[in-house]
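As structure tokens, the structure follows; a few thoughts come after it.
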Amino acid sequence: MTAQTVVVKIGGSTLGHSDTSLADTVALHARGVNVVIVHGGGAEISRWLDRMGLESRFVDGLRVTGEEELRVVTAVLSGLVNKVLVTDLIASGGRAVGISGVDGRLAHAVITKPELGRVGDIETVDPHVLTVLLAARCIPVISPVCWGTIDDRPCLLNVNADDVAAEIAVALNSTSLIFLTDVPGILDARGEVISRIASREVDSLIAAGTIKGGMIPKARACERASRSVPRARIIDGTVAHALLREMEADPGGTTIVTDELA
Ligand SMILES: Nc1ncnc2c1ncn2[C@@H]1O[C@H](COP(=O)(O)OP(=O)(O)OP(=O)(O)O)[C@@H](O)[C@H]1O
Ligand SMILES: [Mg+2]
């Protein structure tokens, strides 16, 4: 039987609380599961932009990224955040390798909303580098800085980490895509967790303003991935052993299901 492949997106909001997520990742990997980590780092980027006198601005949960902000995003995500995660995974006993969407030409992005600046949508994923790392029993840790072109010149693009996780999960034919964030799942208007949601309901919850901010790209990413990835989940990464509990019955959180299964 081929090994299961699980793509885990670790939210920047849970970094620092995520001690058990990394130990869980190594434990899952030791059980023979292929684990790929994609990380965000929104809070850390905002702190560094602030230190440099630059403002953080968002449109529908996506960071507006000018030339100067892109330098900070790249340094913080592909440098600091990525290396801290890799070090912590190594300390937990995993052979983690930190890369970005640029390395091995993993993820090619294009600018679709020029008003956001150097922000891209993923157009193609070349999973070769991940296949090689997984075959060598490494744990790839991916920062969402991707490659693209502007006026025929190569450039870096900031891509929302939720989108990167979803596209990679699809390209790897993953068995599951799990978003670890700082809330217990998608919450309804009364603040209660929606345990199961059909893809088609995502847009109406966004239109109603129930899903907003950083949950918009996450819900949309799940919606897209759910068409081919059997399990798409949003769970609270601040809960101890959240990731290992995913292997048990009734783990809580939100499952996004494709409309045909709803
Ligand atoms: N309906 C909703 N249910 C739950 N959370 C929501 C909802 N609408 C908006 N949110 C917000 O979305 C946030 C999660 O997205 P956010 O982008 O902040 O975190 P992340 O994606 O885990 O981290 P990062 O962006 O650093 O990778 C929650 O903390 C919450 O404030
Ligand atoms: Mg986010």
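Please report, for the Cα atoms of region 126-170, the Rg to one decimal and the Dmax as a whole number; what are they, in angstrom?
For region 126-170, the Cα-based Rg and Dmax read 12.5, 39 Å.
Between 238, 65, 131, find the one with the highest GNM mean-square fluctuation for the chain; connect C-alpha pairs within less than 10 Å.
131
I need the calculated FRET efficiency for the pair residue 182 and residue 152, taking r as the beta carbon distance and R₀ as 35 Å, to the nearest 0.05.
Rounded to the nearest 0.05, the efficiency is 0.30.
May I ask you to compute the full-extension gain from residue 43 to residue 31, defined as 0.36 nm times their residue separation minus their alpha-carbon distance, rounded to one decimal in nm?
Length gained, residue 43 through residue 31: 1.1 nm.
Only residues of region 45-85 count here: report those whose backbone N is under 12 Å from the spot 7 Å along Cα→Cβ of residue 115, or say none.
Only 59-60 pass the distance filter.
With unit charges on the beta carbons (Lys and Arg positive, Asp and Glu negative) and the dipole taken about the Cα centre of the chain, which residue among 199, 140, 160 sits farthest to the positive side?
140
Would you please give the residues with an amide H less than 5 Å from that of residue 198, counting only those at least 5 places away or on a separate chain, with H modeled from the backbone geometry?
Excluding prolines and chain starts, which carry no amide H, the hits are 257.
So between residue 87 and residue 189, what do we pick up on full extension, going 0.36 nm a residue minus the alpha carbon distance?
32.8 nm
From the phi of every residue in region 143-156, what ³J(HN,Hα) in whole Hz does the Karplus formula 6.51 cos²θ - 1.76 cosθ + 1.60 yield, where θ is phi - 60° and glycine or proline is x?
So the J values, rounded to whole Hz, are 8, x, 7, 10, 10, x, 9, 10, 6, 6, 9, x, 8, 8.
In percent, what relative contact order does region 49-199 have, based on Cα pairs under 8 Å that are 6 or more apart in sequence?
Across region 49-199, relative contact order equals 21 percent.
Karplus couplings for region 35-50 from phi (6.51 cos²θ - 1.76 cosθ + 1.60, θ = phi - 60°), rounded to Hz, Gly and Pro as x?
Here the 3J(HN,Hα) series is 10, 10, 9, 10, 10, x, x, x, 5, 5, 4, 4, 4, 6, 4, 4 Hz.
In what sequence do 183, 84, 141 fall when counting other Cβ within 10 Å, fewest first?
84, 183, 141
Return the percentage of antiparallel bridges among DSSP beta bridges fully within the chain, rounded to the nearest 5 %.
35
Given an 8 Å cut-off on Cα distances and at least 6 residues of separation, report the relative contact order of region 5-261 as a percent.
24
Run the simple label-point estimate for residue 227 and residue 136 please: 7 Å along Cα→C-beta, distance reported in nm.
The answer from the label model is 3.3 nm.
Starting at 0 and stepping by 10 Å, how many percent of the alpha carbon pairs of the chain end up in each bin?
Result returned by the calculation: 7, 33, 38, 19, 2, 0.
Quick one: among 23, 189, 171, which has the greatest mean-square fluctuation in a GNM of the chain with alpha-carbon springs under 10 angstrom?
189
Each residue of region 172-188 in turn: what ³J(HN,Hα) in whole Hz from Karplus with 6.51, -1.76, 1.60 and θ = phi - 60°, glycine and Pro shown as x?
So the J values, rounded to whole Hz, are 8, 6, 5, 7, 8, 10, 10, 9, 8, 10, 9, 10, x, x, 7, 9, 7.
If I build a Gaussian network model for the chain, linking alpha-carbon pairs within less than 10 angstrom, which residue out of 222, 155, 146 has the largest mean-square fluctuation?
Evaluated over the chain, the most mobile residue of the options is 155.
Among residues other than residue 234 whose Cβ falls under 13 Å from its Cβ, what is the net charge (Lys/Arg +1, Asp/Glu -1)?
Residues close to residue 234 contribute a combined charge of +1.
Between residue 240 and residue 124, what is 0.36 nm times their sequence separation minus the Cα-Cα distance? Round to one decimal in nm.
38.3 nm
Readers should treat all values here as calculations from the given coordinates under stated rules, not as data from a laboratory. The structure displayed is predicted, hence computed values, not measured ones. Backbone-built Cβ (ideal geometry, glycine too); neighbour counts: all protein chains shown.
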